[in-house]
Amino acid sequence: MLSAVTVSKETIEFRDSPAPTLQPGHALVRVHNVTLCGTDLHIWEDDYPTDLPLIQGHEFSGIVEALAPEDAHHFSVGSRVSVNPIIFCGKCRPCLTGRYNVCQNVGCLGCYSDGALTELISVPLDKLCPVPDELPLDIAAMGEPASIAMQAVNRGRPQAGETALVLGSGPIGLLATLYLAELGVTVVCADTEQHRLDLAVEFGATETLLVTPGTDFPDTHQGPRLAALTDGYGPQLVIEATGVPSSLENAIRLVASAGRIVQVGISPRQANVSMKDIPYKELDIMGSRMSLNLIPDGLALLARHPGQARALMTHRFAFADLQQAFRLMQGRTEKIGKILIGMPAGTTA
Ligand SMILES: [Zn+2]
Ligand SMILES: [Zn+2]
């Protein structure tokens with residue numbers, strides 16, 4: 001079988017190897033669809049704390065090809081599945097307190113160990129998530145990013161009737177918007193790209209604010225609009241989904257007193273935040289990482305909103321053209337939502 005191995009910075013080699021053998025407690029999954037995210041781009045650019053060579057791919061769907069008969073309780077040969085890529089030890093304090101997404105020894109298929117950009121992958125049974133019948137298998141590859149967005153929203157403890165500001169209308173910001181709107185929250189989206197804000201409206205945003213880097217945010221027109229939506233108090237919840245330092249600074253400045261901020265965007269850069277606003281407003285500032293078993297919920301969210309899910313998937317490449325997919329992401333010359341890699345087995349249904 002063929003695997004795409006990222007061997008060094010921006011270099012992929014397709015290597016032939018024997019298929020994995022079936023182990024107890026595992027299933028062999030024929031990979032059909034893989035979607036790429038910013039983490040994948042960083043790994044491909046060798047700008048990520050992982051060792052190359054590596055088979056990437058952590059957002060994926062496929063069909064169970066083999067599992068031991070004694071393991072065929074919830075899944076059988078032919079089951080359509082998405083996969084939770086998180087690997088955790090189950091023994092450390094975060095794991096023992098139910099927070100395995102921040103395990104001391106946390107790993108992730110396709111990020112720290114070999115992932116799904118291969119034809120057949122061996123997956124522990126407890127990582128398999130059934131794909132709802134009505135959800136196409138290509139869209140199901142996005143169960144993982146949908147779960148990340150839902151984790152961020154859940155961390156923020158939203159209440160129906162509140163107003164949330166979502167900073168960044170990339171896939172995570174858009175999926176968070178979709179979920180917040182479902183929960184009865186009024187969502188204001190901000191981004192530097194108008195085409196992403198147009199999409200945010202389709203995902204349920206009530207108001208959109210175009211951010212012009214290097215100028216005041218919100219500007220003199222946007223400030224009153226944000227104030228009007230929040231009775232002058234500011235949003236009760238801010239989801240920061242860009243990883244841009246100035247965006248966290250904006251979040252702390254704009255959030256209401258007694259408000260909550262969830263940082264889901266990741267960056268190694270330093271933010272310059274006010275030490276006064278946090279205590280004066282008595283803010284709750286929370287991080288959000290991957291998700292706590294929310295991939296089934298993510299798949300259900302996508303299934304409830306097929307039009308939005310489809311709109312998110314803007315590009316499609318064949319497995320053999322993986323290198324071009326990364327080049328496209330790197331170039332940022334096109335309007336990109338999610339990029340799908342159709343594997344050789346690749347059914348979308
Ligand atoms: Zn991802
Ligand atoms: Zn652990």
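Within straight-line reach of LYS127, meaning a Cα separation under 18 Å, sit the following lysines at least 8 residues removed in sequence or on another chain: LYS91.
The charge dipole of region 14-71, taken about its Cα centre with unit charges on the Cβ of Lys, Arg, Asp and Glu (plus for the first two, minus for the last two), comes to roughly 220 debye.
Charge dipole of the chain (Cα centre as origin; +1 on each Lys and Arg Cβ, -1 on each Asp and Glu Cβ, all else neutral): 520 debye, rounded to the nearest 20.
The alpha-carbon atoms of the chain define a convex hull whose volume equals 137 cubic angstrom per residue. Derived scalar couplings between HN and Hα for region 93-103 equal 4, x, 4, 5, 9, x, 10, 5, 5, 10, 3 Hz in order, rounded to whole Hz, by the Karplus curve 6.51 cos²θ - 1.76 cosθ + 1.60 (θ = phi - 60°), x for Gly and Pro. For the chain, the antiparallel share of DSSP beta bridges with both residues in that region comes to about 55%. The orientation-averaged projected area of the convex hull spanned by the Cα atoms of region 149-287 comes to 7.4 nm². Within the listed set GLN56, GLN151, GLN270, the Gaussian network model of the chain (springs between alpha-carbon atoms below 10 Å) gives the highest mean-square fluctuation for GLN270.
Taking a Cβ cut-off of under 10 Å around MET142, the surrounding Lys, Arg, Asp and Glu residues balance to a net charge of -2, with basic ones at +1 and acidic ones at -1.
Phi angles across region 207-222 convert, under the Karplus curve 6.51 cos²θ - 1.76 cosθ + 1.60 with θ = phi - 60°, into 3J(HN,Hα) values of 9, 10, 10, 7, 9, 9, x, x, 10, 4, 10, x, 7, 5, 8, 6 Hz, Gly and Pro given as x. Comparing ILE121, ILE63, ILE336 in a Gaussian network model of the chain (Cα springs below 10 Å), the most mobile by mean-square fluctuation is ILE336.
Since only ILE295, LEU178, HIS221 are under comparison, the one whose Cα sits farthest along the positive direction of the charge dipole of the chain, derived from C-beta charges on Lys, Arg, Asp and Glu, is HIS221.
Applying the Karplus relation 6.51 cos²θ - 1.76 cosθ + 1.60 with θ = phi - 60° to region 10-22 yields 3J(HN,Hα) values of 6, 10, 10, 10, 8, 10, 8, 8, x, 5, x, 8, 6 Hz, where x marks Gly and Pro. Amide H to amide H distances under 5 Å link GLY287 with GLN263, where only residues 5 or more positions off or on other chains count and H is placed in the peptide plane.
The lysines whose alpha-carbon is closer than 25 Å to the alpha-carbon of LYS9, local same-chain residues fewer than 8 away aside, are LYS335, LYS338. Can you give me the angle between helix 245-254 and the longest principal axis of the chain, using Cα atoms only, in degrees from 0 to 90, rounded to the nearest 10? Taking Cα atoms only, the helix is inclined about 50 degrees.
Taking amide H as placed 1.01 Å from N in the peptide plane, the amide H of GLY115 sits under 5 Å from that of ILE55, GLN56, GLY110, each at least 5 places away or on another chain.
Each peptide in 34-44, 130-140 was scored by the mean count of other Cβ atoms within 10 Å over its residues; highest first, the order is 34-44, 130-140.
Around the amide H of LEU340, modelled in the peptide plane, lie the amide H atoms of HIS315, ARG316, PHE317, all under 5 Å away and 5 or more residues distant in sequence or on another chain.
We did not get these values from a lab; they are worked out from the coordinates using the rules stated. Just so we're clear, the structure is a prediction, and the values are computed from it rather than from any experiment. Note that we place each Cβ from the backbone using ideal geometry, even for glycine, and neighbour counts take in every protein chain shown.
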